[in-house]
Amino acid sequence: MRYFLHFAYNGFQYHGWQRQPTAMSVQETVENAFQKVLKYPVTLTGCGRTDAQVHASQFFCHFDLDHLPEYDLLFRLNKTLPDDIAIFDILPVAEKSHARFDAFSRTYDYFIHTGKDPFLATSSAGYPDLNLQLDTIKTAVALLPKYKDYYAFCRSPAKYNHTECRVTSAQLFINRRGNRLRFQISANRFLTGMIRIIVQKLLEIGRGQLSVETFEHYLKNRQTPPIIRPAYPQGLYLSKVTYPYLDLPPQTDFAAIFHEQEYWMAV
């Protein structure tokens, strides 16, 4: 039988989701927990990849088992896993369900704090003392759903058959104190480094170092900027994954901030 694992992780201590030959990944950590509990290996197929130090407040992977054990597998896995990974559900799905290929929408949130904060150091990107032109950033953000090809903002476009992404929404938020920003983007797929590269360009626009017209020129003409530098990884969260047959709300308390309108205001 095929099952979906619904879970979340703080990725700061990991080299991304995907198993790596020389560094610890979230995939290897969860697969090791399965091995320890079940006494035999289980291979997990994730809904996507995340970079080193990037988080997921909602993540899915699929795996196959003849049947679930009689004991509480969810409880034992969580007891075995470190505190920065939490499993919420083990869900039976149709035999050919695929955690990666069946997902039709993914949402990412990128968080920035503009004052030094020791409690946000590993869960938000610190850009102290920024004096950003938010209206100008908002103008650039509004362009994103209008374009389908993101060749310009991909770290390695040559590895893809095509670089088209259907961006369905992109928004910029600020908290009521004015010291935290949130960029949210939803699409059917994302390219390597795409969101962090876009965020870095948005910051350059906000500082007056890059014009909105040049930003749009890169998009329109599939022209890679002279300098490709991604924003810090720890501000980025995979926050929502949606399937035709499965649409679950994020389960972590921290994820509630993604939808808490009393905290966030649209720019």
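The values are calculated or read from the model by the stated rules, or taken from the named source; none is laboratory data. The model shown is predicted, which means the values in this text are computed figures rather than measured ones. Virtual Cβ from ideal backbone geometry, glycine too; neighbours counted across all protein chains shown.
Things worth noting here:
- For the residues 33, 125, 86, 99, the requirement of being within 19 Å of residue 258 (Cβ to Cβ), small (Gly, Ala, Ser) and touching a Ser or Thr at 6+ places or on another chain (Cβ under 8 Å) singles out 86.
- Applying the criterion of being in contact with a Ser or Thr (Cβ under 8 Å, 6 or more places away or on another chain) and farther than 13 Å from residue 48 by Cα to the residues of the stretch 9-26, the residue that is surrounded by the fewest Cβ atoms within 10 Å (Cβ to Cβ) is 12.
- If the condition is being in contact with a Ser or Thr (Cβ under 6 Å, 6 or more places away or on another chain) and assigned to a helix (DSSP H, G or I), then the stretch 243-267 contributes 255, 258.
- Unique residue being under 27 Å from residue 188 (Cα atoms), touching a residue at least 40 places away in the same chain (Cβ under 8 Å) and either among the aliphatic types (A, V, I, L, M) or surrounded by 12 or more Cβ atoms within 10 Å (Cβ to Cβ) (or both) when the list is 158, 142, 152: 152
- Of the residues 89, 102, 66, the single one that is charged (D, E, K, R), surrounded by 18 or more Cβ atoms within 10 Å (Cβ to Cβ) and touching a residue at least 24 places away in the same chain (Cβ under 8 Å) is 102.
- Residue within the stretch 138-152 that is among the polar types (S, T, N, Q), farther than 19 Å from residue 58 by Cα and in contact with a Phe, Trp or Tyr (Cβ under 6 Å, 6 or more places away or on another chain) present: no
- Subset of the stretch 75-93 (residues that are of a type outside the set (Ser, Thr, Tyr) and out of contact with any Phe, Trp or Tyr (no Cβ under 8 Å at 6 or more places or on another chain)): 75, 76, 78, 79, 81, 82, 83
- Residue check, residue 234 of a type outside the set (Phe, Trp, Tyr), surrounded by 14 or more Cβ atoms within 10 Å (Cβ to Cβ) and not in a strand (DSSP E or B): yes
- Test for residue 247: is it charged (D, E, K, R) and closer than 30 Å to residue 95 by Cβ: yes
- Among (1) closer than 18 Å to residue 54 by Cβ; (2) outside any loop (DSSP other than H, G, I, E, B) - the single one residue 90 does not satisfy: (1)
- Of all residues in the stretch 214-265, those satisfying the criterion of being among the small types (Gly, Ala, Ser) and outside the structural domain of residue 109 (by TED's automatic domain parsing) are 255, 256.
- For the stretch 156-178, the set of residues classified as among the aromatic types (Phe, Trp, Tyr) and not in a loop (DSSP other than H, G, I, E, B) consists of 173 only.
- Qualifying residue in the stretch 39-47 (condition: loosely packed, with under 14 Cβ neighbours inside 10 Å, free of Cβ contacts under 8 Å to residues at least 40 places away in the same chain and in contact with a helix residue (DSSP H, G or I) (Cβ under 6 Å, 6 or more places away or on another chain)): yes
- Total residues in the stretch 200-213, condition buried (at least 23 other Cβ atoms within 10 Å of the Cβ) and either outside the structural domain of residue 170 (by TED's automatic domain parsing) or more than 10 Å from residue 140 (Cα to Cα) (or both): 0
- From 72, 109, residue being outside the structural domain of residue 10 (by TED's automatic domain parsing), among the acidic types (Asp, Glu) and either over 20 Å from residue 199 (Cα atoms) or touching a residue at least 24 places away in the same chain (Cβ under 8 Å) (or both): 109
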